[in-house]
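Working notes, structure below.
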Amino acid sequence: MDSILRPPIGFAHRGARALAPENTLAAFRLALSLGATGLESDVWLTADGAAVLDHDGAVRSGLRRRSIGDIERARLPPHIPTLEDLYADCGTAFHLSLDVKDTAAATAVVAVARAAGGEALSKLWLCHHDWEQLAQWRADGTPGRAAEGGRSPLPDQVRLVDSTRLRRLREGPERRAASLADAGIDAVNMHLTDWTPGLTTLFHRFQRLALGWDAQFDRNLVTLLRMGCDGVYSDYVDRMVAALNALEQPQA
């Protein structure tokens, strides 16, 4: 089955985390050098307003853990990069999928991508577990740059992603697909075990992109790509790139 995006995007989950410390500039650089066309991370806002890339959103301070939101950027461990650091180190020619764990970070993310220039905005994917929050961002421009008298609209080229599971689609996949299309939410991201060829076809019928995460093994990657997923997330960049390259080879 064909994907809408050709070729599909290969997102390196937290960078090349199978080969380097996750969510570090070294892991992100390595992922791109191995051929990943996208990077993935989680984004949080520090106490002084910096958008930083970390999974848990908390760091150890003495015998306890503290939220990143309570700490200034300069006091975070040096291995935690800012979004600005990522663009400065790796450029803007890659797709960037950010799970917005801290909704307050969305405004900062868009501002940093705008300042980075190049392809940063057009290759930015903002993911959230509540599709209605995404719909609000699209409707009122919450993550947009503040302007005199109000907020500027969220740039059209920034893609919004409903990160969910099949069991959470209480209204059913077809109704969810229709709601996402009406709200201007571009894609749905579900675990590899949730996807079937019928589901990718359904979301594609509404022109919504289908993304699959936790694709760690060759068989997982091949299955998702053959059923028409438009992007996959994997810790193993070498396997992911090989599967994507094989997909583009003409069949004998």
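Some points to look at:
- About its Cα centre, the dipole of the range 1-50 is roughly 200 debye, where the only charges are +1 on Lys and Arg Cβ and -1 on Asp and Glu Cβ.
- Taking all C-alpha pairs of the range 9-248, those more than 26 Å from each other amount to 38 percent.
- The chain: relative contact order as a whole-number percent, Cα under 8 Å and 6+ apart: 21 percent
- Per-residue ³J(HN,Hα) for the range 198-211, Karplus 6.51 cos²θ - 1.76 cosθ + 1.60, θ = phi - 60°, Hz, x for Gly and Pro: x, 6, 4, 4, 4, 5, 5, 4, 9, 6, 9, 7, 10, 10
- Beta bridges from DSSP with both residues in the range 9-248: antiparallel share about 25 percent, rounded to the nearest 5.
- Ser33 paired with Asp214, simple spin-label distance in nm, labels 7 Å along Cα-to-beta-carbon: 3.1 nm
- Linear extension gain, Arg75 paired with Gln207, 0.36 nm per residue minus alpha-carbon span: 43.1 nm
- Theoretical gain in end-to-end length, Asp89 to His129 [0.36 nm per residue, Cα-Cα removed]: 11.5 nm
- Backbone geometry of the range 43-60 corresponds, through the Karplus equation with coefficients 6.51, -1.76 and 1.60 at θ = phi - 60°, to 3J(HN,Hα) couplings of 10, 9, 10, 6, 4, 9, x, 8, 7, 10, 10, 7, 7, 7, x, 8, 10, 7 Hz, x marking Gly and Pro.
- Counted without the sites themselves, the longest stretch of the chain free of GluC sites (Glu not before Pro) in a DSSP loop having at most 10 other beta carbon atoms within 10 Å is 1-147.
- When the chain is described by a simple charge dipole with +1 on each Lys and Arg Cβ and -1 on each Asp and Glu Cβ, the residue from Trp137, Gly15, Thr196 located farthest towards its positive end is Thr196.
- From phi via Karplus (6.51, -1.76, 1.60), per-residue ³J(HN,Hα) for the range 31-41 in Hz, x at Gly/Pro: 4, 5, 5, 7, x, 4, 9, x, 10, 10, 7
- Expected 222 nm ellipticity per residue - DSSP helices of 4 or more, -39500 (n - 2.57), all of the chain, to 500: -9500 deg cm²/dmol
- Excluding the site residues themselves, the longest part of the chain lacking any trypsin sites (Lys or Arg not before Pro) in a DSSP loop with at most 15 other Cβ atoms within 10 Å is 1-144.
- Anisotropy class of the range 174-250 from Cα gyration tensor, a/c 1.5 cut: prolate
- Potential lengthening between Arg66 and Arg167 on full extension [0.36 nm per residue; Cα-Cα distance subtracted]: 33.1 nm
Any read-out appearing in this document is the output of simple, stated calculations on the displayed coordinates, not a laboratory observation. Everything quoted here is computed from the prediction, not taken from an experiment. Ideal geometry is used to build each Cβ from the backbone, glycine not excepted, and the neighbour counts take in all protein chains shown.
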